[in-house]
């Protein structure tokens, strides 16, 4: 059976660890845990899902570090992990996550799977592990770890999977296919793509707009729309007063312009209007994006991977994205403030 290492057992990592354990057996799954280590070691993980069922429990192997996980594998006389699934947040670290997983990546054999948000996050992994299959994924999966090793999952679940780069060699394509098949066997939904970056850009319309804006305003998406109604910022008396919606659209159109510059022409105004429509029709208070949750908890946010990289990619193409650049600077400053010691007066 394939051996799988899960690096990052928050909400997303836990749920896909469960699906993979259904396919290969929980003894073939090793989960790296930090704050939830004690609970997971003692009781395993518990998932309450509107889609999969309530009170789902499983107990994979648990390790505190990659080195410990590799040692466990060596004691069992296994040669290598077939898949290393990176489900940790894409925040800057020293050493980086790409470096930390190194001991578990067997040259030319282990497939590295990025279960993370953002754009342009694959480059460091591709540089460090050029001979290994590198799989990039896009998850639509509303889940929250409500307490250590306990996750609540709502009804949506879809993982888009593809190689990085899109024109990877056949063995790497085979690894992507195998990973998608394992998820399907385990009860999850995975869709294979020749070029998964199109899906990344599509999700980025939402992530690079709503995420930082909600974090900066401390409002959920639908609350932001409601708060901006009737502010009188429109161009004339016939305006409906939906300035918040227009603001979000302007930001999304900047993101779309960058996607189009990189060849993804169907990331366009029609897609932008569709994504905005999803938020506008929600009941109050709406959805709480991950950055808003991090802001409430005063944790570092995925600003660089989700917003900063778009600004950098725009600069490479000579595109002006003033709204995104402003949002990036403000959101990055907010995230940085959580790491600073407060000066006492």
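One table, with the values for the structure above:
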{"item": "Members of region 127-149 found to be free of Cβ contacts under 8 Å to residues at least 60 places away in the same chain and assigned to a loop (DSSP other than H, G, I, E, B), listed by number", "result": "129, 130, 131, 132, 133"}
{"item": "Number of the condition not met by residue 124 [criteria: (1) touching a helix residue (DSSP H, G or I) at 6+ places or on another chain (Cβ under 6 Å); (2) assigned to a helix (DSSP H, G or I); (3) closer than 26 Å to residue 62 by Cα]", "result": "(3)"}
{"item": "Single match in 112, 24, 91 (criterion: modelled with pLDDT of 95 or more and within 21 Å of the chain's Cα centre (by Cα))", "result": "112"}
{"item": "Looking only at region 317-326, and only at residues there that are in a helix (DSSP H, G or I) and in contact with a helix residue (DSSP H, G or I) (Cβ under 9 Å, 6 or more places away or on another chain), the one that is farthest from residue 203 (Cα to Cα)", "result": "322"}
{"item": "Selection count where residues are more than 19 Å from residue 227 (Cβ to Cβ) and either without any contact (Cβ under 8 Å) to a residue 12 or more places away in the chain or part of a helix (DSSP H, G or I) (or both), scope region 264-292", "result": "9"}
{"item": "Elements of type strands (runs of 3 or more DSSP E) in region 1-114, at least 3 residues being under 27 Å from residue 301 (Cβ atoms)", "result": "4-7, 45-49, 83-86, 111-114"}
{"item": "Candidates 57, 46, filtered to the one that is on the phi < 0 side of the Ramachandran plot and without any contact (Cβ under 8 Å) to a residue 40 or more places away in the chain", "result": "57"}
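The values are calculated or read from the model by the stated rules, or taken from the named source; none is laboratory data. What you see is a predicted model, and the numbers here were worked out from it, not measured in a lab. Reconstructed Cβ throughout: ideal geometry from the backbone, glycine too, with neighbour counts over all protein chains shown.
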